[in-house]
């Protein structure tokens, strides 16, 4: 008799433990959901999913707006000045003047990137520049050649684990490259950029029938796409390339996107994450920017209400996103920030620069305080080089990409926060002004930034973020961050790694020890599991076991076993002290508790680590220290008990990209309890 697989065991456990009434309700809900999907699939295949022009003109609009024909529709959308978007053509002259005067090299950079888009050359998720040919295949993973059928009902799309990366076509269809096209058009007035915008949008619509194919499967990506389409539209709306026919086609698809998002929200009463937040952002954008649609008011009101709820659910009181990932913190911050901004600038009391005041009026004081704290975390977390340390997953996720930066370069977030909150401490002199923010705030925003007082790295002190469990020690260009927090997502651990008591380290501005990153998700389950494993992090592994066990086939979940907690946090002028421990090795036959004490001598950049292993028995202990591939200075590790040697290792600074590096490794067979000390200095 064969053993039950994991899924069968899970459902058998549910049947045994859940009350009969609950089981019946769950079964009925599942049957009802499948029935609805079946009916929808049949109707979609039999009757089609396209909306006719006549149907759109007659039925799409709120009672305030009635369009009898295409000419009336065109006149309305060409002449309307409200609502406003942060990409505002009336600011075109002032923005291009500031760029030409103060950031002259930006013009050539933007044009070069936009030209690549026109040639269909894309660099996505670590692919390097790839030419997709004259006609883009929107359903293709161009890394592997795997292609999804555009005729398959969207809920029947499957993830080909180990064969291809479903994120590639999703990423391309997010249309985040439209920002570069728009910027190049404003700076050069070259019609080829508006032509490319129109051609790509039309081609995508023609080859992605609603409810069919991979690009309708994930609602999050539908929402991010519509946010970028709206951005692109406001760059090009005054262009002659925006014909009546294009406008009709575009608006129809925009409406279809909204209906799809509203009907396919990635919501669960147990857990909502960045996916649901993206869905909400899409609805807020649509409801705010297209009040003509019949559903617009409901979309906007619902979206604002849910933003407030999700801020409380997804952002800890200390201002950190709850998914145990520094890079997902960036994505979530962008989603909250830009959705808030779109609503704020369209409020009747907005006076061109009172952003935070209007935000508080609409969203409430607590919401705005947490939004502020999200930027405050970025201020403390960025390394001296302006890059974010990697804790947890990094899938390179963004809402918008206004400039080509290294994925971990997140200085622009502080420029956004400085202007929105008029906060001088977010204006860090060493980081400078990130010019892509001009597209968001214009010359007025640039003037706000210039008139702020200036902060510097030396003034950014050590800081604990206890809810997230991240502890940051700083002294000018000496820096380290320690991971000692929950698995995130209310214990689900979908984006966390087994990095408890691990750290990243910078000495005199140079990155020395790094977290290895993520690399990929579904195209290589083995690589996914390796990069999130204990052995891949700067901590202690015992008996080759994981701090938190995970099912190697479930790539977005981890058992909540480590229970890491901080026992002591003390900062001073000369030394910072951290003591923490985790309980992930209670799973062993002979229980072991790992306690780590870190003393950071701030001015010298010297680190003293004491690992105390409490419990019983003899165990195999292994230490790993992953080195930055850019490390130039010589690193000294001193210890009486440990013998260190270098071995090859891998580092991933962004999703899909892997770089060779080295790591120091040391092993010890020890009778527990045991205490091991070592120091790190350059």
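No lab work stands behind these numbers, since they all come straight from the coordinates. Because the structure is predicted, anything quoted here is derived from the model rather than measured. Here Cβ is always computed from backbone atoms with ideal geometry, including for glycine, and neighbour counts include all displayed protein chains.
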For the chain, averaging the sequence separation of alpha carbon pairs under 8 Å that lie six or more residues apart and dividing by its residue count, the contact order in percent is 10
Expected sort for 402, 578 with the fewest Cβ neighbours (10 Å cutoff) up front is 402, 578
So, relative contact order of the stretch 461-681 in percent, Cα under 8 Å, 6 or more apart, is 19
Sorted largest first, the C-alpha extents of the stretch 567-666 along its principal axes in whole angstrom are 40, 38, 31
Expressed in angstrom and rounded, the centroid-to-centroid distance over alpha carbons for the stretch 275-301 and the stretch 417-447 is 28
Plugging the Cβ-Cβ distance of residue 614 and residue 72 into 1/(1 + (r/R0)^6) at R0 = 60 Å yields, to the nearest 0.05, a FRET efficiency of 0.20
dims of the stretch 265-460, Cα set, principal axes, largest to smallest, nearest Å -> 51, 39, 31
Note on the stretch 225-309: contact order normalised by length, alpha-carbon pairs under 8 Å, 6 or more apart, percent, works out to 23
Between the modelled labels at residue 129 and residue 458 (7 Å from Cα along Cα→Cβ) the distance in nm is 4.2
Dividing the alpha-carbon radius of gyration of the stretch 104-263 by 2.2 N^0.38 Å, where N counts its residues, gives 1.03
The stretch 182-218 and the stretch 588-624 have their Cα centres apart by a whole-number Å value of 53
Computed, not fitted: 222 nm per-residue ellipticity of the chain from DSSP H runs ≥ 4 (each -39500 (n - 2.57)), nearest 500, equal to -12500 deg cm²/dmol
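Calculated FRET efficiency, residue 270 and residue 152, Cβ-Cβ r, R0 30 Å, to nearest 0.05? Each step should come with its number before you reach the end.
Numbers: r = 29 Å, r/R0 = 0.95.
Using R0 = 30 Å, I get an efficiency of 0.55.
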Quick calc, residue 450 & residue 36: beta-carbon distance into FRET formula, R0 60 Å, rounding 0.05, result 0.60
For residue 159 and residue 595, extending 7 Å from Cα along the Cα-Cβ vector and measuring point to point gives, in nm, a value of 4.0
The stretch 638-658 and the stretch 137-180 have their Cα centres apart by a whole-number Å value of 33
Label model pair residue 526, residue 44: point-to-point distance (7 angstrom along the Cα→beta-carbon line) in nm is 3.5
quick shape note, the stretch 414-488: Cα extents on principal axes in Å, largest first -> 42, 28, 17
To the nearest 10 degrees, the tilt of helix 92-102 (Cα long axis) against the first principal axis of the alpha carbons of the chain is 40
In degrees, nearest 10, the alpha-carbon axis of helix 244-263 is tilted away from the dominant principal axis of the alpha carbons of the chain by 50
Tilt, helix 274-289 to longest principal axis of the chain (alpha-carbon atoms), in degrees rounded to tens, equals 30
Quick note on 399, 635, ordering by fewest other C-beta atoms within 10 Å, gives 635, 399
Rg/Rh of the chain (Cα atoms, Kirkwood Rh), to two decimals, equals 0.98
Given 20 °C, 1.002 mPa s and a Kirkwood radius over Cα pairs, the Stokes-Einstein diffusion coefficient of the stretch 259-319 in µm²/s is 180
Across the alpha-carbon set of the stretch 461-681, Rg over Rh with Rh taken as the Kirkwood radius works out to 0.94
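Can you put 436, 662 in order of Cβ neighbours within 10 angstrom, beginning with the fewest?
Fewest-to-most ranking of 436, 662: 662, 436.
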Stretched fully, the stretch from residue 81 through residue 636 gains (0.36 nm per residue minus C-alpha distance, one decimal, in nm) 193.5 nm
